[in-house]
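**Student:** Below is one structure. I have some questions about it.
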Amino acid sequence: MNDQSRTNKIAWEYRAYEFWNRRDGSPKEKARKIAENPIASLKKHKDYFQGIEGLKIANLCGSNGRKAVPLSLLGADVTVFDISEENKRYALELANYANTSIHYIVSDIYDLDVNKYANRFDMLYLEGGILHYFHDLDRFTSILFSIVKEKGTMILSDFHPIKRCIQSDGTFIPNYFDQDLRNGDLAFKPYFDKQEQQDFPNVLIRSFTLSEIINSVIAAGFTIERFDEHRGWDGENTPWEFTIKAKK
């Protein structure tokens, strides 16, 4: 495990289980909501997961299981890979209360046994802002390519790079091409009191341009079939996220 991954593991194992309970409710409460309409929990990506019964899906950096559990309820055999034991705790409790099961592997993606998982999965699903945790993007996408089956599909969704250039008040920050590895705030830090926030560890992140991301996916060997940009979460007329659908 390199220094970046080690730093991020410490951060994502700091009160993460408590945060998920605060934001999403208890695993029992969240499971009830997901079970009411599993496909709806996939939100803007639901159309990618029609007819997935029996498919092996890897949910990389799958966090607290909020996507893995609905995929399992829809009939898929789901494996989560994530660096946080706290995330795993919530995810397995979530699956249990939803009366389903998922596999959960706590590991740095860089450390995956690519021989063990080679050509294992029909689909890969990555979402929610994860690429900045991997400074060597080409190595990361190469690992993804190795574990998906021939003709398998990757759904990769992340924060749009332009998002980091625009503050909440609309002010533009000219940092689009910055490549430095830098300290950043843990995503759920603002959910805690100001005094508590002083004790939160930082994450270590590296931002990428849109062309770097697309070219890395292509260089790994994937064929991009579709690229979508998504508005802000409140319908803002600004690209806040993107989704790539690619085939091996």
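**Student:** Going through region 2-23 one residue at a time, which ones are closer than 14 Å to ASP199 by Cβ and more than 17 Å from the chain's Cα centre (by Cα)?
**Tutor:** ILE10, TYR14, ARG15, GLU18
**Student:** Another question about this same structure. Inside region 214-247, can you point out the residues that are in a loop (DSSP other than H, G, I, E, B), of a type outside the set (Val, Ile, Thr) and more than 20 Å from the chain's Cα centre (by Cα)?
**Tutor:** Keep residues of region 214-247 that are in a loop (DSSP other than H, G, I, E, B), which gives 221-222, 232-238.
Filter once more, so that each one left must be of a type outside the set (Val, Ile, Thr): 221-222, 232-237.
Result: GLY221, ASP234, GLY235, GLU236, ASN237.
**Student:** For region 185-213, name all the residues that are within 19 Å of CYS61 (Cα to Cα) and either without any contact (Cβ under 8 Å) to a residue 24 or more places away in the chain or under 17 Å from the mean Cα position of the chain (by Cα) (or both).
**Tutor:** Within region 185-213, ASP185, LEU186, ALA187, PHE188, LYS189, VAL203, LEU204, ILE205, ARG206, SER207, PHE208, ILE213 meet the criteria.
**Student:** Hey, another quick one. Mind telling me which of the residues GLU13, GLU36 ends up being modelled with pLDDT of 95 or more, of a type outside the set (S, T, N, Q) and surrounded by fewer than 16 Cβ atoms within 10 Å (Cβ to Cβ)? So that I can check it myself, show each step before the final result.
**Tutor:** Values: GLU13 fails: surrounded by fewer than 16 Cβ atoms within 10 Å (Cβ to Cβ).
Unique residue meeting the criteria: GLU36.
**Student:** Here's a follow-up. Taking the conditions exactly as written (within 29 Å of PHE200 (Cβ to Cβ) and part of a loop (DSSP other than H, G, I, E, B)), does ASN64 satisfy them or not?
**Tutor:** Spelling it out, ASN64 is indeed within 29 Å of PHE200 (Cβ to Cβ) and part of a loop (DSSP other than H, G, I, E, B).
A quick yes/no check of all residues on (1) of a type in the set (Phe, Trp, Tyr); (2) surrounded by 20 or more Cβ atoms within 10 Å (Cβ to Cβ); (3) within 17 Å of the chain's Cα centre (by Cα):
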residue: VAL106; (1), (2), (3): no, no, yes
residue: LEU112; (1), (2), (3): no, no, yes
residue: TYR117; (1), (2), (3): yes, no, no
residue: PHE121; (1), (2), (3): yes, yes, yes
residue: GLY128; (1), (2), (3): no, no, yes
residue: LEU131; (1), (2), (3): no, yes, yes
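**Student:** Those residues that are out of contact with any strand residue (DSSP E or B) (no Cβ under 6 Å at 6 or more places or on another chain), among the small types (Gly, Ala, Ser) and closer than 22 Å to LEU186 by Cα, I need them from region 16-62; list them, please.
**Tutor:** Correct list: ALA16, GLY25, SER26.
**Student:** Just to verify a result, which residue in region 191-220, among those that are of a type in the set (Gly, Ala, Ser) and surrounded by 14 or more Cβ atoms within 10 Å (Cβ to Cβ), is nearest to TYR14 (Cα to Cα)?
**Tutor:** SER207
**Student:** Turning to a different aspect of this structure: Determine which single condition LEU94 fails, assuming it passes every other condition in (1) within 19 Å of the chain's Cα centre (by Cα); (2) buried (at least 19 other Cβ atoms within 10 Å of the Cβ); (3) more than 26 Å from ILE143 (Cα to Cα); (4) without any contact (Cβ under 8 Å) to a residue 60 or more places away in the chain.
**Tutor:** Just one mismatch for LEU94, condition (4).
**Student:** Given the structure, is LEU204 aliphatic (A, V, I, L, M) and assigned to a loop (DSSP other than H, G, I, E, B)?
**Tutor:** Spelling it out, it is not the case that LEU204 is aliphatic (A, V, I, L, M) and assigned to a loop (DSSP other than H, G, I, E, B).
**Student:** Do you know which of the residues in region 153-190 that are surrounded by fewer than 11 Cβ atoms within 10 Å (Cβ to Cβ) and small (Gly, Ala, Ser) is farthest from TRP233 (Cα to Cα)?
**Tutor:** Among those residues, the one meeting the criterion is GLY170.
**Student:** Is it fair to say ASP24 is surrounded by fewer than 22 Cβ atoms within 10 Å (Cβ to Cβ), under 24 Å from GLU241 (Cβ atoms), in contact with a helix residue (DSSP H, G or I) (Cβ under 8 Å, 6 or more places away or on another chain) and not aromatic (Phe, Trp, Tyr)?
**Tutor:** Working: surrounded by fewer than 22 Cβ atoms within 10 Å (Cβ to Cβ): yes; under 24 Å from GLU241 (Cβ atoms): yes; in contact with a helix residue (DSSP H, G or I) (Cβ under 8 Å, 6 or more places away or on another chain): yes; not aromatic (Phe, Trp, Tyr): yes.
Yes: the conditions hold for ASP24.
The values are calculated or read from the model by the stated rules, or taken from the named source; none is laboratory data. As the structure is a prediction and not an experimental result, all values here were calculated from the model. Every residue, glycine as well, gets a Cβ built from its backbone with ideal geometry; the counts of neighbours run over all protein chains shown.
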